[in-house]
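**Q** Could you have a look at this structure, given as structure tokens, before my questions?
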Protein chains: 2
Amino acid sequence: MIMATVRARPASARKTRYASATRDDLVRSAVALFTTHGYAGTSLDVIAARARVTKGALYHHFRDKQDLFEAAFSAVEKKVYAKLKKVLATSENLWVKAGLVVREYLQSCLDPAYQRIVIHEGPVVMGWQRWRDAQEGLSFGVIRDAIADLRAAGGLSGLPVEVTARLVCGALSTAATMIANSPDPKRVSEETEDAVVRLLGLVRAGAEAQGLR
Amino acid sequence: MIMATVRARPASARKTRYASATRDDLVRSAVALFTTHGYAGTSLDVIAARARVTKGALYHHFRDKQDLFEAAFSAVEKKVYAKLKKVLATSENLWVKAGLVVREYLQSCLDPAYQRIVIHEGPVVMGWQRWRDAQEGLSFGVIRDAIADLRAAGGLSGLPVEVTARLVCGALSTAATMIANSPDPKRVSEETEDAVVRLLGLVRAGAEAQGLR
DNA sequence: GAAACGAACATACCACGGGTATGGTGCGGC
DNA sequence: GCCGCACCATACCCGTGGTATGTTCGTTTC
């Protein structure tokens, strides 16, 4: 029984020392499957199969299913973070910049992966505390900083920054969910942006009127 | 082998024809366990045991685990709905009433059961669409109506009601989650209410300033 | 009034999926 | 050249959702 080297690997046997590549494959596979079928609806065997490995490899790189989920979470979050950071680099008027960040974040929230993994299943799978901490230095940090700038510039007298940022994020993610699940995303999207811009305008008008008095 | 009537029932054998009571027991048990251990972390056997029955009884009253979850969801939602309805019955100034509703909803969101079952796990377990529909006639309906009144009264020029209501709910539920998971709920709660009231004030000021022009 | 019927459960069993224990293989270090 | 470890596959265990079937007892029907 010689049969040479053709072991019954999941196909296209990877040689060796490609550990990080394997890890990335697993994360990509997890992101795709968690996005379409959810955390509970995706088995580890299927994730591993899509990455052309077995559960053994998976458990070599990750402690458990939750650990893999967190890796997928981070991967998705980092992309959005990069986009927001780029928008924030433009040096316009603070209020204008706030509008841009809001617009960009709304757009990011439309990504199915971000929506399901980060917004919806994140707090359930990871637990809210851990979910919050994981976002601290990423997309949420950007939004919080924007609001802090706004406050420092004089508007928003005495508004607690952290809390307000959370409120804004909550509202926006809800909005994005609404858009994504709408039968007519185009229309709802415009309506939502309109509403957000209007509200932002009202707050600005209120802040200025109050500031003048 | 006579042994009389003493069957090995899960203790305290219920006679018969107490079907609705059994159902309620199961729902109460589910609410309690889902609240503390989450949907995935709670087995049907444990739920049944707490209700002093077996899985057989559970599957007689509910199609599957998800069906039981929805029953628990409805039970929790109805309580909050009743409270909101009561607050809305007071006939004060519309803006004052809006403030009261916001305050009451925030308070309701602090209930661990409402927080975990309705806000967090609801959309994940039931799917967002179904979750949205299930809330339509309950707590969300109350908030949407309040905003509709506000708009009809002249303020909030041309704001889309449905969308705005979703934004408000999203922000408030996020706020409540933040409060509940804070190491110092008392302080964060006050801070949050302060922020919400301030923002509401800003919007009102903006609306009035804009309305005067 | 007893036989038939069905609601309201209990019991026994299966399949699937997360997790573990163990085995194998090739590369780097000495 | 052999040792050890990273890297991964295979085999297995067990908790859990779901199903199929059995059992009891009140209600109905003739």
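**Q** For A:Thr35, what charge total do you get from the other residues with a beta carbon under 14 Å from its beta carbon, if Lys and Arg give +1 and Asp and Glu give -1?
**A** +1
**Q** Another question about this same structure. If I model a spin label at B:Arg63 and B:Arg50 as a point 7 Å from the Cα along the Cα→Cβ vector, what separation in nanometres do I get?
**A** Distance between label points: 2.4 nm.
**Q** Using +1 on the beta carbon of Lys and Arg, -1 on that of Asp and Glu, and nothing else charged, what's the dipole of the protein assembly as shown about the Cα centre, debye to 20?
**A** 1440 debye
**Q** I would also like to ask the following. Would you list which aspartates and glutamates come within 15 Å of A:Lys186, measuring only between C-alpha atoms, while excluding same-chain residues fewer than 8 positions from it?
**A** The reachable aspartates and glutamates, counting only those whose Cα sits under 15 Å from A:Lys186, are A:Asp111, A:Asp194.
**Q** Of B:Phe62, B:Ile143, B:Leu172, whose Cα points farthest to the positive end of the dipole of the protein assembly as shown (charges on the beta-carbon: +1 Lys, Arg; -1 Asp, Glu; origin at the Cα centre)?
**A** After comparing all options, I get B:Phe62.
**Q** For the Cα atoms of chain B, what angle does the longest principal axis make with the long axis of helix B:19-37, in degrees from 0 to 90, nearest 10?
**A** Approximately 60 degrees, to the nearest 10.
**Q** Run the quick spin-label model on A:Asp184 and B:Ser91: label points 7 Å from Cα toward the beta carbon, then report their separation in nm to one decimal.
**A** In this crude label model, A:Asp184 to B:Ser91 measures out at 3.8 nm.
**Q** In addition: Kindly express, to the nearest 10 degrees and within the range 0 to 90, the angle between helix B:139-152's C-alpha long axis and the longest C-alpha principal axis of chain B.
**A** 20 degrees
**Q** Defining the label point at 7 Å along Cα→Cβ, can you sort the distances from A:Ala152 to the same site in each other copy, shortest first, in nm?
**A** Listed shortest first, these distances are 4.6 nm.
**Q** Which lysines does A:Lys86 reach when only Cα atoms under 20 Å apart count, and residues fewer than 8 places away in its own chain are ignored?
**A** A:Lys78, A:Lys97
**Q** Roughly how many debye, to the nearest 20, is the charge dipole of chain B about its Cα centre, given +1 on each Lys and Arg Cβ, -1 on each Asp and Glu Cβ, and no other charges?
**A** 920 debye
**Q** Using the Cα centre of region A:50-134 as origin and beta-carbon charges of +1 (Lys, Arg) and -1 (Asp, Glu), tell me which of A:Ala89, A:Ala51, A:Trp128 is placed farthest towards the positive end of the dipole.
**A** Of the listed residues, the answer is A:Ala51.
Read-outs throughout are calculated quantities, based only on the coordinates presented, and are distinct from any laboratory measurement. The model shown is predicted, which means the values in this text are computed figures rather than measured ones. Using ideal geometry, Cβ is built from the backbone for each residue, glycine included, and neighbour counts are taken over all protein chains shown.
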